[in-house]
1. Would you check if residue B:360 is surrounded by 24 or more Cβ atoms within 10 Å (Cβ to Cβ) and either within 16 Å of residue B:55 (Cα to Cα) or more than 14 Å from chain A (Cβ to nearest Cβ) (or both)?
2. Is it the case, given these coordinates, that residue A:549 is of a type in the set (A, V, I, L, M), within 9 Å of another protein chain (Cβ to nearest Cβ) and not in a loop (DSSP other than H, G, I, E, B)?
3. Residue check: is residue A:282 open to solvent by 10 Å² or more (accessible area, probe 1.4 Å), under 20 Å from residue A:115 (Cα atoms) and at pLDDT below 95?
4. Residues in region A:166-182: is at least one modelled with pLDDT of 85 or more and not in a helix (DSSP H, G or I)?
5. Tell me which residues, restricted to region B:186-209, are within 16 Å of residue A:638 (Cβ to Cβ) and either surrounded by 15 or more Cβ atoms within 10 Å (Cβ to Cβ) or at the interface with chain A (Cβ under 7 Å from one of its Cβ atoms) (or both).
6. Within region A:422-455, restricting attention to residues that are closer than 18 Å to residue A:362 by Cα and of a type in the set (S, T, N, Q), which residue is surrounded by the fewest Cβ atoms within 10 Å (Cβ to Cβ)?
7. Which one of these does residue A:569 not meet: (1) open to solvent by 30 Å² or more (accessible area, probe 1.4 Å); (2) at pLDDT 90 or above?
8. Residue B:304 - would you say it is farther than 23 Å from residue B:131 by Cβ, modelled with pLDDT of 95 or more and among the polar types (S, T, N, Q)?
Amino acid sequence: MTRRSQPTILIVIALALLVEPIFAAGLLNPKKIKAKSNPPQYVRFSQVLPQDEQLFHALERLTFGPKPGDLDSLQHLGLRNWLELQLHPERVPENPELQQRLAPLESLRMSIRETYVHYPPPQWIRAVARGQGNLPEDPEVRAVVLHLAERYVRKSAATPNDPNDDSDLDLKAKLDDILTPQQIAVLKAGASEERRRILAAIPPQKQRDFVWALRPAERRQLFLAAPVPLRRELMLSINPQNVVANDLSEGKLLRAIYSNHQLEELLVDFWFNHFNVFQGKGADRYLIPTYEREAIRPHVFDTFYNLLLATAESPAMLFYLDNWQSVAPPPAGAAAPGKRGGKHGLNENYGRELLELHTLGVNSGYTQQDVIEVARCFTGWTIANQQKGGGFEYKDKVHDKGQKTVLGHIIPAGGGMSDGLEVLQILAHHPATAHHLSLQLARRFVADDPPPSLVNRMTQTFLKSGGDLRQVTQTMVRSPEFWSQGAYEAKIKTPFELVVSAVRATNADVTSAFLLARELQKLGEPLYGKVEPTGYSSANADWVSSAGLLDRMNFALALVHNCVPGVTVNTAQWQSTAEEDPLKLARLVLQQNPSGPTQAAIRKTFAAQPQVDLARNAKDTQPGLPALIAGLALGSPEFQRH
Amino acid sequence: MLSRRLFLKNSSLAMVGIGSAPAWLSRAVYAKDGPGERKRILITIFQRGAVDGLNVVIPHGEPNYYSLRPGIAIPRPDGTDAAAIDLDGHFGLHPALHSLKPLWDNGQLAIVEAVGSPDPTRSHFDAQDYMESGTPGLKATYDGWLNRALVEERFPSPLRAVSLSPDLPRTLRGTNKALAVGNLNDFQVKDASAAGTFETMYGTSTDTVLNGTARETFEAVKTVQSLCNAPYTPANGAKYPGGRLGQSLLQIARMIKANVGLEVAFADVGGWDTHVNEVGGQPHTGQLANLLRDFGDALAAFSQDMGDRMADITVATMSEFGRTVKENGNRGTDHGHANVMFVLGGSVRGGRVHGQWPGLAPEQLYEGRDLNVTTDFRSVLAELVMKRMGNREIATVFPGFDGSRAIGVLA
């Protein structure tokens, strides 16, 4: 490679010239970049991408992957204009199709309290069953709670071997009022398409009666075929809290696939993951919809301080990292805390992760004593009425009033909530935080080992702008390093990125995001399912494993053969292209030229299949050779990268 | 028993010829068949949901056990199958675990009592996390103790560390390669014609990262598939129960017998969170009894199937915490503290209850309600890691834990 052997200074000049057209109008002056300040292993970050690869790179890295036609519209709009719009999503109208698909997912728009009331947790149902809890006011929700409580009572009273302990037989007669005998027969034993049609035709006002006319096991079987609102009703009647969990994952998938604000969605994913909370931890499933909507989403282009504060005050984080239970230790000589698992005193979990993960970064110089002092500052930051869906509350009476020293700053005795706020201020503007966050962003959006020149410039932007995240993101996506060979195809897609990009590339129709989300679980990246506060890794090494690779190949093949539940691919769209030239079809799916090995594999597959295969498959609905070619393209090494 | 050389000859892998076979495999082929050369194998089983250890190994010598559990206590041994099976005059097995009694009698099965975590949490989520990471109280540990326990190898077998689960569990995550296989039969490219195409595509790819992993993957697939295609009859008339644990152990047994280089395996089984109706009409029936029957039968079948090979194998069971000593108002128990572990296999000092029994008198209970922890779960695991896996770097496997106090569950 002659390019690599060029003296660095020439590369810098070449870079400046090549980058100029994109970065005109003073967006960035590449001449100031001292690429030679990077150690030699970063030389590929000084080699700028050709124009057409820049367009493809933009779609791969700043969206969830190109859809057919995206490349043309980007070319038409111009890279600079497109970037500007992605950085200001409020200037781009949202896709009406997305809004339509999100509409039935009602819990996404509810407050924590409303979520509890509409999708009552099992503890509430048990309480009502024992005659201890208050019934919800909404008559429909009250009916659900009463019904589930009644079932709970019956279940508790039943002996374990009673076959009828899980049925609602008393309501069964009503099914005849809603459906004809023929319809009932089809529903029980018909083809899935026919069942789907019957379910879709049940009028909304009859849905609840229909649900309660079925045994729980029958309801579960209909999850697959029911349209979204009915499926939610079915689920609500069995385990209401699962509706909340599913709405959330479905919403995330739908936004990633259909949103026009692609960069914003990527950043919401990035910052949620940075401030990760886990859906499976108790109350968190009720707290996360509000967390993402109010603490993360509005702040991805805001200042880091505002984002940090919003997470610090969020019930989801307070619960996940236990700070809601953290109270000042009792003064020396006082009675020991109550027995039966009550308040344990100071809890360091939030303090530690705040320093290690959220702000400064590991090994950035803070001590265990700093962790304790920070935890003391946040005593009393808790959740109002935790069992009943309350919001943030500062409880002064459990706050540690003593003097604290955090990273050398003295926080005088006698403070209140201001102690925690002061800690957040110190951390949000700390140079170590600026560097840590810049590095994390660059690792996710540029390369696992991003060049120091880029990270340092992002850090400078962060510090100069008071932690303005739009400006930091801007510095990154307008940097020559971002548009370099070093960044191109440098990242392995995570399973989430793979699934979404494959759905986009094939223009597939998501018939059930609920089922598609379950595929992600199989692929090892359940949405909102990362247990640890670290969030999911974006490092390539963490997503390349034997089982993972097989799963990816199997997913690619299953998708094009319409065997992935919840997605439909129109394989007929590929017929004529495949007949004309199979490689053209691969290009259509990949939006780039397939690699040599992929071309060879497709040619060989094409040659091995008799032509009659094509014709036959055109008539029946069997996906034939075109689907296989698309599947090979989606399972290829190059589609695993972006 | 089929020798490993014969197995490989019969497998499709043998066709590629030893010269081009992966390093781990040629090592496996040329290894002698003597027991000294065989890898020792550690299998850990996680009972998710916090099993009620006091109704698994019954402290029938404790009057408080009976006074605190009037409705759910397993009766004192009386020779009937409605009562505990006596072990040593003080403890007894739940009657549903009768198939484990012969293993106790022949010294293969040891019990460790009052084991648990120094962390006080009663959250399933936190406690499982801590037990799998091996770092109680520390949430940010990114890897698991079972992964850290693997000794670094230059050419590790891709089937060296396997979890019988759809996702890789916390305990096996980390820098050493580990594989999650929900079911051995699923470990393949499902479209046979595309499988070969993908193999060539990845094998000739210039993407060094994906190329390397794909080679390993397709090797492992062939090994697993040849294993799946061969009919399997468990030895010595062993019958695995149909539940999740039995089927997981059956697949582990197949891998062990096929000498695929397995060193550690993990399986989990849920359903133990018995807040309501832990027992049925009578204390020895109901939910827990059903789960325990499956559990005991699965372990017994595995041991029977393995026969002499159990000398190389150690199985350890664990659960995130125990349950309240006192029964609750729903014929169940709530989240508690210490629990019981089983250790099964070769060189286990079996036929005895290890650990220190803290007692069930009110003043002996943890926070007035739970069995006290007298043995840190890491003590037991550290001993397995040192003596069975030959890894003495306990400070790496269990950071912050002083592993010097082995309780002697292994000889």
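The values are calculated or read from the model by the stated rules, or taken from the named source; none is laboratory data. None of these values were measured; they are calculated from a predicted model. Note that we place each Cβ from the backbone using ideal geometry, even for glycine, and neighbour counts take in every protein chain shown. Heads up: the accessible areas ignore ligands, DNA and RNA and are worked out on the full protein's heavy atoms, side chains in. Shrake-Rupley method; radii C 1.70, N 1.55, O 1.52, S 1.80 Å.
1. Details: surrounded by 24 or more Cβ atoms within 10 Å (Cβ to Cβ): no; either within 16 Å of residue B:55 (Cα to Cα) or more than 14 Å from chain A (Cβ to nearest Cβ) (or both): yes.
Criteria not met by residue B:360.
2. Working: of a type in the set (A, V, I, L, M): yes; within 9 Å of another protein chain (Cβ to nearest Cβ): yes; not in a loop (DSSP other than H, G, I, E, B): yes.
For residue A:549, the condition - of a type in the set (A, V, I, L, M), within 9 Å of another protein chain (Cβ to nearest Cβ) and not in a loop (DSSP other than H, G, I, E, B) - is met.
3. Spelling it out, residue A:282 is indeed open to solvent by 10 Å² or more (accessible area, probe 1.4 Å), under 20 Å from residue A:115 (Cα atoms) and at pLDDT below 95.
4. Yes, that holds for at least one residue.
5. B:197, B:198, B:200, B:201, B:202, B:204, B:205, B:207, B:209 - these are the residues of region B:186-209 that are within 16 Å of residue A:638 (Cβ to Cβ) and either surrounded by 15 or more Cβ atoms within 10 Å (Cβ to Cβ) or at the interface with chain A (Cβ under 7 Å from one of its Cβ atoms) (or both).
6. A:440
7. Looking at each condition in turn, residue A:569 falls short on (1).
8. In short, yes.
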